[in-house]
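Read the structure below first, then the notes.
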Amino acid sequence: MTTVHISLVNPQPDGTTAPARATHRFTPTKRRPLTGTPATIVLPTPFEVALADGAAEVELEPNGPDWAWRIDEYVPGAATRTTYVAVPDVTEVDYPDLVQLDPSTLDPSPLPQPAWIAAQNLALAATPELLMVGEITRDADGAPVSAAVLWPDGTAGAYTGSPSDDFPGVIDAYEITHGPITYTQALVTRNNFGEIIAKPPITLS
């Protein structure tokens, strides 16, 4: 068994903190044989642990590759927080150090992207020419229709542009990738002079 140390505090108006009241519900995601007694089945039923003075210790069995622990965190006045975690086969571990898993694959969840990086990447996606590297393929009118791109974080991607049907040499829509993320600029609207008068926001997928 692994001892998981939990400690939660609430912020106070004077800038200090106070022990939080919370209850944690632990649920294995699948039934499994009891370690050392394979004829006995451990059912995927939950149990709860309430914090005392903002802290608790809980003994959890290290999970295998085909199951994980679901943890539901109930804090008065806050939304329920649900995570799926891997419990390592160690003597003890702190609650924040448990590796979060994607419940659909049981692979480690990707780290959340800081908001400022997301904003920076969105701004760069609006100016794809700043990211293009190497050879740029252009159509007969000179519009850039494809190119490799390199983002500031070192991630490679690709650019694909759709030339304007009415105004040769310019792009009316494009896609640019950043690893598994695709930024899409949908078709813009131009006036009789070729100036953009309507531009849909860039979307991510």
Among (1) under 23 Å from the mean Cα position of the chain (by Cα); (2) within 14 Å of Pro128 (Cβ to Cβ); (3) surrounded by fewer than 16 Cβ atoms within 10 Å (Cβ to Cβ), there is one condition Thr203 misses while meeting the rest; what is its number? (2)
Among the residues of the stretch 74-82, is there at least one that is in a strand (DSSP E or B) and among the aliphatic types (A, V, I, L, M)? no
Looking at Thr177 and the list (1) in contact with a strand residue (DSSP E or B) (Cβ under 7 Å, 6 or more places away or on another chain); (2) touching a residue at least 12 places away in the same chain (Cβ under 8 Å); (3) within 30 Å of Trp67 (Cα to Cα), which single condition is not satisfied? (3)
Which condition from (1) hydroxyl-bearing (Ser, Thr, Tyr); (2) in a loop (DSSP other than H, G, I, E, B); (3) modelled with pLDDT of 95 or more is the one that Ser104 breaks? (3)
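So which residues in the stretch 30-42 are in a loop (DSSP other than H, G, I, E, B) and either of a type in the set (Lys, Arg) or modelled with pLDDT of 95 or more (or both)?
Those that are in a loop (DSSP other than H, G, I, E, B) and either of a type in the set (Lys, Arg) or modelled with pLDDT of 95 or more (or both): Lys30, Arg31.
The values are calculated or read from the model by the stated rules, or taken from the named source; none is laboratory data. Please read all numbers here as calculations on a predicted model, not as lab measurements. Neighbour counts run over all protein chains shown; Cβ positions are idealised from the backbone, glycine included.
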